[in-house]
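This report refers to the structure that appears directly beneath it.
Only the coordinates and a few stated rules stand behind these numbers; no lab work does. Computed from a predicted model, the values in this text were never measured in an experiment. Every residue, glycine as well, gets a Cβ built from its backbone with ideal geometry; the counts of neighbours run over all protein chains shown.
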Amino acid sequence: MRYKAAYLCGPRDLQVKGLEVPSLGQNQALVKLKAAGICGSDMECYLGKSKEGRYDIAPYVPGHEWSGEVVDKGSDVLSLRKGDRVTGDCVLRCG
């Protein structure tokens with residue numbers, strides 16, 4: 001299965017890439033995003049005005065404020081079911 005993601009690679013350099021969905025680990029869930037918010041820090045990075053300069057480390061996918069639906073889950077995930085609507089905590093990294 002493939003998906004598309006928009007990577008911010010530098011100021012005003014947003015690149016859409018098609019990627020393979022990785023295999024799920026036993027303690028992971030796959031979420032199909034329905035919406036993602038672009039916040040002020042994402043805009044600052046895009047415009048090259050960010051003090052963080054996250055793309056200096058590596059290209060990244062902006063839109064850390066998101067919601068979606070669980071489409072698959074690993075065997076150790078007990079608190080979610082397929083079809084559950086979920087959102088991410090934008091201050092904790094998912095790894």
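So, in nm, how far is label residue 41 from label residue 3 when the simple model puts each one 7 Å beyond its Cα toward the Cβ?
With each label point 7 Å from Cα toward Cβ, the separation is 2.1 nm.
Could you tell me the convex hull volume per residue, in Å³, taken over the Cα atoms of the chain?
Cα-based convex hull of the chain, divided per residue, equals 106 Å³.
Would you list 14, 78 from fewest to most Cβ contacts within 10 Å?
78, 14
Longer than 19 Å from Cα to Cα, which of 32/73; 4/32; 17/73 are they? Say none if no pair is.
17/73
Enumerate by residue number the trypsin sites (Lys or Arg not before Pro) in segment 5-47 meeting two conditions: DSSP loop (anything except H, G, I, E, B), and at most 16 other Cβ atoms within 10 Å of the site's Cβ.
12
Quick check: residue separation of residue 72 and residue 87 times 0.36 nm, minus the Cα distance between them. What number comes out in nm?
That pair, residue 72 and residue 87, stretches by 3.9 nm at full extension.
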